[in-house]
Every structure is written in structure tokens, then in C-alpha cells.
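S.K.: Pasting a structure here, questions to come.
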Amino acid sequence: MRMLILGATGGTGRQIVREGLAAGHAIVALVRSKAKAEGLAGAQLVEGNALDEAAVRSTLDGCDAVICSLGVGLSPFRAVTLLSAATRVLISAMTQSGVRRLVCITGMGAGDSRGHGGFLYDRLFQPLLLRTIYQDKDRQEDAIRASGLDWVILRPTVLTDTPATGRVRAVTDLAGMHGGKISRADVARFAVRQVSSDEWLRKTPLITEAP
């Protein structure tokens, strides 16, 4: 399968590229600069802007699916619009190109997972440091739901750079869920599997490390 990865130079995106290649997929990565894409050997790197629909559409040529792991830096006092804007561009490009499968990584605290991050996360980190980011993640998720594509939205708990454990718990019933952590490597492996699985099709599972 041929997959386009958006956000490939981020911590999770790099893991997705590695997992996709290891699983035998052909990987195309749209990057702002090839100079900043060290460590993505084996992927086809295409320079371009995720807000440029023509650039996104050209990278979709021959692709079967997209994994979006776009992220932004902390911006507590400034509105964030990149995630939702780039996602709307992506949806339009996918619709015109006939590419239907979209796996998108947002995060714990988006949509109805808000309030399930644990005391400090819910009362301090999200409202004070992540508020504007998660407002845009909500808009991003809304656009995906309305897209008509074959989508899966993954909401990982707190991300770590530890090795993969292979123990991933995915839930949509969030009763009793309060925080958690998961390695980027485990998120990447789980995301790559969703490209060819309908288990979580049109669902928004929160994913965390299982005991």
C-alpha cells in the first residue's frame, strides 16, 4: 500500500514513517524542507506546504491512504488554526483524488475525551497551556467527521519517547478513564494498522498503554 504521511518530521510522524516502511508500505512524506527530514530514509520526500492544495493533491497521486500527525508548538496566547486549515485542504484534495482512507492523530482532550486526562492535565495543562491547540483540534475533528471519507481519529494519552511496548488499550467508552501515557512508537504502530483495518472505522478511540 502507498501512504502519504503529513507531519512526518515530528516525533510521532517519524515513528509512523519507520513503522510504515517496516510493514512493507511505500511511504510519501510531504515536508516543508528536505533538510529537516533527516532520519526518514526509505520514504519519498516531497517538499511542499500542507496548506497548498495543489501540492497536497500532487503527493496523493497513486496513494491508497493518508496518516495525518500534524502538530503545532505551544501557543497559549495566540489562536491556532493550522491543524483545521490543513485538514480541510487535505480533505478537499483526497476527495478530488479519490483517496478515501484517512487516519488522523489528535489527542486526549479533544472532543468528548475532554476531562479524562487526570487532575493536573484537565485543570492546568489543557486549559492554560493547550487551550488554543485543542480548540483547533476540535475543529479538525469536526471537519473529518463531516468529510464523508473513511476516517479513523486516534486520541493518544500523554506521549513518551520510550520504546514500543506492544501493549495498547483502545477505548471509546471513557468511563473511568483518567489520564495515562503511551509511547510514540506504539501510537505509530497502531496508526499504521488502521490504514487497512475497519475495527475503528469512523470512531475516535482514546489509546493508551495497557497494564
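The values are calculated or read from the model by the stated rules, or taken from the named source; none is laboratory data. In this text, all values refer to a predicted model and were calculated from it rather than measured experimentally. Positions of Cβ are generated from backbone atoms using ideal geometry, with glycine treated the same way; all protein chains shown enter the neighbour counts.
S.K.: Can you say whether Asp142 is among the acidic types (Asp, Glu), over 24 Å from Leu21 (Cβ atoms) and surrounded by fewer than 19 Cβ atoms within 10 Å (Cβ to Cβ), as far as the supplied structure shows?
M.R.: Yes.
S.K.: Considering (1) under 16 Å from Leu154 (Cβ atoms); (2) assigned to a helix (DSSP H, G or I), say which one Val103 fails and leave the rest.
M.R.: Of (1) under 16 Å from Leu154 (Cβ atoms); (2) assigned to a helix (DSSP H, G or I), only one is false for Val103: (2).
S.K.: Restricting the range 160-180 to residues that are in contact (Cβ under 8 Å) with a residue 60 or more places away in the chain, surrounded by 15 or more Cβ atoms within 10 Å (Cβ to Cβ) and within 14 Å of Ala210 (Cα to Cα), which is farthest from the chain's Cα centre (by Cα)? Before you say what the answer is, go through the steps one by one.
M.R.: Pass one, the range 160-180, residues in contact (Cβ under 8 Å) with a residue 60 or more places away in the chain: 161, 174, 177-180.
Those still in the list that are surrounded by 15 or more Cβ atoms within 10 Å (Cβ to Cβ) too: 174, 177, 179-180.
Add one more test, that the residue is within 14 Å of Ala210 (Cα to Cα), and what stays is 177, 179-180.
On the way: Met177: 21, Gly179: 19, Gly180: 18 Å.
Here the residue is Met177.
S.K.: Further, regarding this structure: Pairs please, first residue from the range 138-158 and without any contact (Cβ under 8 Å) to a residue 40 or more places away in the chain, second anywhere and part of a helix (DSSP H, G or I), Cβ atoms under 7 Å, 6+ apart in sequence or on different chains.
M.R.: Short answer, once both residue conditions are applied: Asp138/Gly111.
S.K.: Name the residues in the range 93-107 that are polar (S, T, N, Q) and surrounded by 15 or more Cβ atoms within 10 Å (Cβ to Cβ), would you?
M.R.: Listed by number, the residues that qualify are Ser97, Thr106.
S.K.: In addition: Please go through the range 27-68 and pick out each residue that is under 18 Å from the mean Cα position of the chain (by Cα), more than 15 Å from Leu102 (Cβ to Cβ) and in a strand (DSSP E or B).
M.R.: Once the filter is applied, which keeps residues that are under 18 Å from the mean Cα position of the chain (by Cα), more than 15 Å from Leu102 (Cβ to Cβ) and in a strand (DSSP E or B), the range 27-68 yields Ile27, Ala29, Val31.
Yes/no matrix, rows are residues, columns are (1) hydroxyl-bearing (Ser, Thr, Tyr); (2) without any contact (Cβ under 8 Å) to a residue 40 or more places away in the chain; (3) touching a strand residue (DSSP E or B) at 6+ places or on another chain (Cβ under 9 Å):
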| position | (1), (2), (3) |
| --- | --- |
| Met3 | no, no, yes |
| Thr12 | yes, no, yes |
| Ala23 | no, no, no |
| Gly71 | no, no, yes |
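S.K.: Now, a different point. Hey, among Gly7, Gly71, Gly42, which residue is surrounded by fewer than 23 Cβ atoms within 10 Å (Cβ to Cβ) and within 17 Å of Arg155 (Cβ to Cβ)?
M.R.: Result: Gly71 is the single residue among Gly7, Gly71, Gly42 that is surrounded by fewer than 23 Cβ atoms within 10 Å (Cβ to Cβ) and within 17 Å of Arg155 (Cβ to Cβ).
S.K.: Further, regarding this structure: For Gly115, only one of the following conditions fails: (1) at pLDDT 90 or above; (2) out of contact with any strand residue (DSSP E or B) (no Cβ under 8 Å at 6 or more places or on another chain); (3) more than 18 Å from Cys68 (Cβ to Cβ); (4) not in a loop (DSSP other than H, G, I, E, B). What is its number?
M.R.: (4)
S.K.: Scan the range 46-63 and report the pairs whose first residue is in contact (Cβ under 8 Å) with a residue 60 or more places away in the chain and whose second residue is surrounded by 14 or more Cβ atoms within 10 Å (Cβ to Cβ) and part of a strand (DSSP E or B), with Cβ atoms within less than 9 Å and a gap of 6+ or a chain change.
M.R.: Gly62/Arg2; Gly62/Ala26; Gly62/Val28; Cys63/Arg2; Cys63/Met3; Cys63/Leu4; Cys63/Ala26; Cys63/Val28
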